[in-house]
Each structure stands twice: as C-alpha cells, then as structure tokens.
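> Before I ask anything, let me first share the structure, which is written out below as structure tokens.
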Amino acid sequence: MTSTRGAIRFLHRGRVRELAAESATRTVLDWLRETEGLTGTKEGCAEGDCGACTVLLGRAEAGAVRYEAVNACIAFLGMLEGRHLVTVEDLAASDGTLTPVQQAMVECHASQCGFCTPGFVMALSALRHASASASARDVEVALQGNLCRCTGYQPIVEAGARMYELTGPPVLPAVEPGELDALEDGATVRVGGFVQPASLDALADILQATPEATIVAGATDVGLWVTKGLRDITPMVHIGRVAALREIDEGPERLRLGAGVSYTQAWPALVRLAPGLDALLARIGGAQVRNAGTIGGNIANGSPIGDMPPPLIALGARLELRSRGEVRELPLEDFFLDYGRQDLAPGEFVTAVTIPRPKPGTHFAVYKISKRRDEDISALCGAFRIDLVDGVVVEARIAFGGMAATPKRAAVAEAAMRGRTWDETVLDAAIAALAMDYAPIDDWRASGAYRSRIAGNLLRRFFAETTEPAMPVRLAHV
Ligand SMILES: Cc1cc2nc3c(=O)[nH]c(=O)nc-3n(C[C@H](O)[C@H](O)[C@H](O)COP(=O)(O)OP(=O)(O)OC[C@H]3O[C@@H](n4cnc5c(N)ncnc54)[C@H](O)[C@@H]3O)c2cc1C
Ligand code: FES
Ligand code: FES
C-alpha cells in the first residue's frame, strides 16, 4: 500500500520548503511573486514564449544535480516536489558581488530596460553551470526561449561568451545530490487538486480511480490551458516523479523512450538514432520548453501540428500504453483516431515510445515549416523515410503534420514509390499522389493550397538530398 503525503517538499534558498496549504496547482511564478515577494522573476507572456519568468530547477541525476532552465509561468507549484528551485535573487553573493554571468551582462551592456534581464541571466547561468566552455551555437540555443524588446541580442550573445572568461562567486548556489535524494520517500503527494505518484503502479491505480483527471507531464501544453484558457484542470496527476517513465533504453535494434523523458534528455539518443532529427529538435520551442516538455506529452495531446509524431511515424515507432490491468502496444500512426481523439481508454496512459534503429540503406529527413525559425509551432512538418536497395525503393514511409486533422501517413504516395526505381518519374507520381492523401484546410498558419504545394516541394527536396548526397543540407533554415 503506497503511503500518502499531504505536502510538497523542495529546496529553496538554503532550506527545505514544505507547502501543505498552498494550492499546488498555482503556477510557480504566481507563488514566487505574490506569496514570496520575489519579484525578480518577471511575467511577460504567461504562455512559455518570452523567458522573462525563467527559473532553474535542480534534479538529482546519476550522482549529480543537473540544473535546467524552465518557464515558471506555466509550471505548477506541485512540480517543484523533490527539486531545488533557484531564482535570480539567489545568484549574487551576500555582499552583492555579481556572478560571472551577471558581471558579463554588465560589461557587455546587455541590458536596457532590464525587464527581460533576469530571464536571460537565468538561461545563461544554466549554460555556464553545465559547461566549462560553449560555442556560439550553444549560446544561441540556450537563449532561443528568451525575448528582448530593446537591447538587441548581440550584446547578450557576447555576454554568453564573456561569462566564460570571468571569475567570481559560484554561478549558482548548487546543492549536493544527497540533499535532494533525502526528500524522496516514495509517497504519493496529494495537495488540493494535485496528485503526484512516485511509481507506475501508484499512477495506474490513481488513474483507474480518477479517469477524469488531467495527466500532466511537463505542462508546456496544459499550463496554457490554465494561464490562457482559464480552465480548472483539477484533479491533475503529475507523472514527473515516476522514474520508470524517465528511462531511456538505447539498444542495438531500437531506442525506447519513457513517456516522461524531456526533449533535452532524449536529444542525444534521438540524434544517434537518426541524425536528421537534430535540426528539428533545435527548433522545438526554446531551451525552457525542451527542458520541461516531453515527447510523450507531444504525442498524447494529439495535436495535428505536434512536431514529433511525423518523424516518429516515418521511422516506424510504436507506442506503449498502460492501464492498471493491461499493457498494450500499437503503431504510433494508429493512436491518432481523429481531431482531438486518440486511442486512449479511460484510466490508460502512455508509458513509452519505441523507435526501430534505421538500417544501412535507410534515408530519413524531416522538415519543419513555420513562420519564425525559433519558438514557433509548425504550419507543416513533413517526415520521409525510404529504404533503397540498388536504387529501388523497398520501403517508404511518409508522414505529415499540418496536412490533416491528425498526424497522418501518405499511404497513396508511399504505394507509388514502393518497388520502383527512385527517379524523377516516381518522384512526380508520388507528389501527384499526395493530393489523394491529403486535403489540407486553410487556417491562420497557412492556406490549404500553400500546404499542398509545400508538401510536394518537401518531397522533391528529399529526393534531391537522397540522390545527390553532395548537396548541402541546410535544414535549420527551412
Ligand atoms: C513556447 C512554446 C513553444 C512550443 N513549441 C513547440 C514546437 O516547436 N513544436 C511542438 O510540437 N510543440 C511545441 N510546443 C508544445 C509543447 O511544448 C509540446 O507539445 C510538448 O511536447 C508537450 O509535452 P508536455 O510534457 O509539456 O505535456 P503536457 O502539457 O504536460 O501534456 C500535454 C497533453 O498530453 C497528456 N499527457 C502527457 N503525458 C501523458 C501520458 N504519459 N499519458 C497520457 N497522456 C499524457 C496531457 O494530459 C495533455 O493532454 C510549445 C509549447 C510552448 C509553450
Ligand atoms: S512569462 Fe513569458 S515565458 Fe513565462
Ligand atoms: S532590456 Fe528591455 S526587454 Fe530586454
């Protein structure tokens, strides 16, 4: 029988905080500013886009504490359970000496009105704490989730290099892993409408008893249902403490990602499996979204424009689902039944996605089309995989997001390619066949006509890249 605890526990400002009365379904940002009076953390957009609210969360992992930048505006207070919370107020030494990150921001004149500055300092502090050096790309990737309206980004990016040249107080008031491990007692946390089990069995029991509950992973989707949709999504069941859902298992034949694995955690293993995923992952949200958001959440929300389903479907991924009495598996494409409707029974949840390792002769690419390069949802996302033997397509899998009510395979186009020599005639036939696979709609991201045309162009690009390997591949700028 799993024990229950009626309070959340986390480390903050050198002590264990235990919150029983506070609603764990408030956002971390509201709690910091309204209850704690810590107003250094700012509210800009309240939807995860601007990074003004960036805080760091420390998690014990493999004998160390790993600190990640997250958006406090869409993180719920209960998600702090077992973590070390660091805000901008915690950085400078008690005598006011600035950390190397803060000092670099001053020296590089990287702040004007200052509203965005705490968020940038926190994002850079996470990078500086994690690494002894960083490339210009590392700095840019770390700052993708932070917007500045007045300084301009150049001085801020320069501060990202300068911070490695300076000495000063520690970048963060980091804690030892044992201090976080000591908080874990295996109990299910129940505070108000927030429930957080610590094991798979406890999670299955809770969802069986309360199938109407909202499952919360990284809250980068559901957080907005609350801050923008003003919805009451309680009871919410947070899966972040179930270790089995955070496992990454890299085998010779396949990669298995637990449903609670974040984009940041999955990134290296996904790129080892399919290097073509690198450019896509770099364009999913910003670092804060990738640190909190999970691939399981991206699949489970069933959005027709989620970025991970198309490439995972093209790669032949299978989804694992579990309820109290049963574990079942299905091809990922079969999970998406219709707009907003997934093959998920009451009380059931996603446990993992398993992706077979591509064989020699497999070609794979994924292209994202959006209005902005960074921090933007796709208008269209196309993923292509073919297995070629002596120039003949022995297997083809094509999947698009943004072309139908769900992420969907292009069965007719695939059939036009299978068993044929991969040449321009077959390419033209496959592009023509896309019109039978999809009838995309107009919406404010793109017109249906634009989507159809671009889908064909992406297939043409894939053809060029698979038949002319010398051609430069500039996926990041699609
Ligand atoms: C600023 C910003 C930028 C973004 N950019 C992108 C982008 O570029 N591309 C993109 O695809 N998405 C983007 N998103 C959307 C979001 O980040 C992703 O969809 C993310 O993967 C959601 O994962 P999560 O863990 O945060 O899910 P949550 O928000 O916690 O949950 C999402 C949904 O999945 C359900 N769910 C979660 N886990 C499970 C489970 N194990 N079993 C069953 N149901 C479950 C929840 O109930 C909910 O319905 C962005 C979001 C923000 C705020
Ligand atoms: S306030 Fe804009 S990301 Fe949180
Ligand atoms: S300094 Fe004004 S928004 Fe960045």
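Read-outs throughout are calculated quantities, based only on the coordinates presented, and are distinct from any laboratory measurement. All figures in this text were calculated on a predicted structure; none of them were measured in a lab. Cβ: placed from backbone, ideal geometry, glycine included. Neighbour counts: every protein chain shown.
> Find, to one decimal place in angstroms, the Kirkwood hydrodynamic radius of the chain, where the mean of 1/r is taken over every pair of different Cα atoms and then inverted.
23.5 Å
> Can you put Asp334, Asp49 in order of Cβ neighbours within 10 angstrom, beginning with the fewest?
Fewest to most other Cβ atoms nearby, the residues stand as Asp334, Asp49.
> Which lysines, if any, have their Cα less than 25 Å from the Cα of Lys359, not counting same-chain residues under 8 positions apart?
Filter leaves Lys368, Lys408.
> Taking the Cα centroid of segment 314-330 and of segment 283-308, what is the distance between the two, rounded to the nearest whole Å?
Segment 314-330 and segment 283-308 have Cα centres spaced 19 Å from each other.
> Magnitude of the Cβ-charge dipole of the chain, K/R +1 and D/E -1, about the Cα centre, nearest 20 debye?
520 debye
> Pairs of Cα atoms under 8 Å, at least six residues apart: use those to get the relative contact order of segment 92-162, whole percent.
Relative contact order, segment 92-162: 45 percent.
> While we're here: Hey, got the dipole for segment 92-162? About the Cα centre, +1 on K and R Cβ, -1 on D and E Cβ, debye to the nearest 20?
The dipole magnitude comes to about 120 debye.
> Next question. Please work out the C-alpha center-to-center distance from segment 1-44 to segment 348-363 and express it in whole Å.
Computed from Cα coordinates, the inter-centre distance equals 37 Å.
> Can you give the calculated 222 nm mean residue ellipticity of the chain, where each DSSP H run of n ≥ 4 adds -39,500 (n - 2.57) and the sum is split over every residue, rounded to the nearest 500 deg cm²/dmol?
The helix contribution divided over the chain gives -8000 deg cm²/dmol.
> Taking 45 Å as R0, compute the FRET efficiency from the Cβ-Cβ separation of Ala182 and Ala464 and round it to 0.05.
Result of the calculation: an efficiency of 0.20.
> Shifting gears a bit: Using the Cα centre of segment 149-221 as origin and beta-carbon charges of +1 (Lys, Arg) and -1 (Asp, Glu), tell me which of Ala204, Ala174, Gly160 is placed farthest towards the positive end of the dipole.
Gly160
> Report, by chain and number, residues whose modeled amide H sits under 5 Å from the one on Gln342, excluding near sequence neighbours (fewer than 5 apart, same chain).
Distant-sequence amide H within range of Gln342: Leu337.
> Here's a follow-up. If neighbour count is taken as other Cβ atoms inside 10 Å, put Lys408, Lys359, Lys368 in order from fewest to most.
Lys359, Lys408, Lys368
> Need one number: nm distance between label points at Val392 and Ser199, each 7 Å from Cα along Cα→Cβ, rounded to one decimal.
5.4 nm
> For segment 206-344, evaluate the Debye formula with one uniform point scatterer on each Cα (no solvent term) and list log10 I(q)/I(0) at q = 0.16 Å⁻¹, rounded to two decimals.
Values, matching the q order: -0.90.
> Next question. Ordered by residue, what ³J(HN,Hα) values in Hz, to whole numbers, does segment 271-279 give under the Karplus form 6.51 cos²θ - 1.76 cosθ + 1.60, where θ = phi - 60° and Gly and Pro are x?
Working through the residues one at a time gives 6, 5, 6, 8, x, x, 7, 4, 5 Hz.
> Starting from the amide H of Leu380, placed 1.01 Å from N in the peptide plane, find each other amide H under 5 Å away whose residue is 5 or more places distant or on another chain.
HN-HN under 5 Å from Leu380: Ile369.
> Can you tell me the relative contact order of segment 100-220? Whole percent, Cα pairs under 8 Å, sequence separation 6 or more.
28 percent
> Peptides 320-333, 66-79: what's the order by average Cβ count within 10 Å, highest mean first?
66-79, 320-333
> Further question on the same structure: Evaluate the distance, in nm, between pseudo-label points positioned 7 Å from the Cα of Glu212 and of Asp338 along their respective Cα→Cβ axes.
So the label points at Glu212 and Asp338 sit 2.3 nm apart.
> Charges at C-beta only: +1 for Lys and Arg, -1 for Asp and Glu. How large is the resulting dipole of segment 91-240 about its Cα centre, in Debye rounded to 20?
It comes to approximately 640 debye.
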